[in-house]
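The values are calculated or read from the model by the stated rules, or taken from the named source; none is laboratory data. This one's a predicted model, so the numbers in the text were calculated from it and none came from an experiment. Counting neighbours? That spans all protein chains shown, and the Cβs are built from the backbone with ideal geometry, glycine included.
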Amino acid sequence: MKFDRFAQWLANWTGRPLSFGVALLLILVWGVSGPLFDFNDTWQLVINTSTTIITFLMVFLIQNTQNRDNDELHIKIDELLRTTRRAHKALLDLEDMDPAQLHALRKQYQLMGEHGDDGQTSGKDDARDAKE
């Protein structure tokens, strides 16, 4: 739980213009300091190592926040499906479908979209049929 809160805080902080400005300033300071160090290998190693470490850590931060956002979005969509009387309730567990079932369901919805079909048939659940 603490990591989730920390990751959310850090993601919010790094996404601000001020953070971009700080990063840009650091790059500019590094670039301007080049002549002082004769553009030597150590000078180059500082920026390469720093950016590699930051990038490596940001990958995990971004993945954590994407997972959280994805979970939140799924919960919201599940609630909308649950409360919509005409929605296919079988769509609530799409994550349990294998790729072939998802592909078949996507094709059904594409056909409904092309034909202007609202997806409601007489007692037939198109989504449930795709799962079987």
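Checked against the criterion of being in a helix (DSSP H, G or I), surrounded by 12 or more Cβ atoms within 10 Å (Cβ to Cβ) and of a type in the set (S, T, N, Q), the candidates N67, N48 yield just one match: N67.
Looking only at residues of region 70-90 that are outside any helix (DSSP H, G or I) and either in contact with a helix residue (DSSP H, G or I) (Cβ under 8 Å, 6 or more places away or on another chain) or not basic (K, R) (or both), we find that the one that is surrounded by the most Cβ atoms within 10 Å (Cβ to Cβ) is H88. You will find that of V22, V29, the residue that is among the β-branched types (V, I, T), over 28 Å from the mean Cα position of the chain (by Cα), at pLDDT 90 or above and part of a helix (DSSP H, G or I) is V29 and no other. In region 93-114 there is no residue matching the filter, namely being within 26 Å of W9 (Cα to Cα) and assigned to a helix (DSSP H, G or I). Screening the candidates Q8, Q44 for the property of being in contact (Cβ under 8 Å) with a residue 60 or more places away in the chain and at negative phi yields one hit, Q8.
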